Amino acid sequence: MVIDAAGLPRDWFLTGPDGAQVALTSEPVVTVGEPLMAVSVLRNGLRRGVALLPDLYGARQVAEGTFIRLLPNFQGETIEVFATYPPRRASVPAVRAFIDLLVEAAVRYQTALAEPSPPP
């Protein structure tokens with residue numbers, strides 16, 4: 001399954017523990033526009049298949065035992081996320097609070113990813 005969103009490659013480029021890079025190319029059976037749709041199709045539709053999902057969407061499914069991680073020692077490409085807003089809007093209390101909330105959530109998420117997983 002390929003998540004066909006703007007800016008994402010259709011081919012998968014993975015990095016192994018030794019830093020070696022591997023490119024995976026295939027014709028997708030299903031193409032979706034966002035990761036949440038891929039999760040939904042795998043959980044409720046196909047019930048089998050392979051998708052390269054961001055940890056934000058896949059880690060929970062793996063923890064619940066719904067999905068398995070096929071290549072646990074490999075990582076996909078890192079994608080940066082940005083919050084943009086018009087000039088001088090950062091000084092508006094509601095906007096500033098929202099930005100602070102995003103930063104706090106990102107730090108909590110990164111901390112949770114860095115913690116070792118409990119054994120199965």
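The values are calculated or read from the model by the stated rules, or taken from the named source; none is laboratory data. Bear in mind the structure is a predicted one, so any value in this text is a computation, not a measurement. Note: ideal-geometry Cβ built from the backbone for every residue, glycine included; neighbour counts use all protein chains shown.
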Legend entry - In region 72-106, the residues that are touching a residue at least 40 places away in the same chain (Cβ under 8 Å) and surrounded by fewer than 14 Cβ atoms within 10 Å (Cβ to Cβ): 73, 75, 77, 79
Inset, instruction - For region 37-71, enumerate the residues that are surrounded by 12 or more Cβ atoms within 10 Å (Cβ to Cβ) and in a loop (DSSP other than H, G, I, E, B). - result: 49, 50, 51, 52, 53, 54, 66, 67, 69, 71
Inset, instruction - Please enumerate the residues belonging to region 22-36 that are surrounded by 11 or more Cβ atoms within 10 Å (Cβ to Cβ) and part of a strand (DSSP E or B). - result: 22, 24, 31, 32
Inset, instruction - Filter region 63-94 down to the residues that are modelled with pLDDT of 85 or more and in contact with a helix residue (DSSP H, G or I) (Cβ under 6 Å, 6 or more places away or on another chain), then identify the one that is farthest from residue 49 (Cα to Cα). - result: 69
Inset, instruction - Would you check if there is a residue in region 79-101 being within 18 Å of residue 12 (Cα to Cα), outside any helix (DSSP H, G or I) and in contact with a strand residue (DSSP E or B) (Cβ under 7 Å, 6 or more places away or on another chain)? - result: no
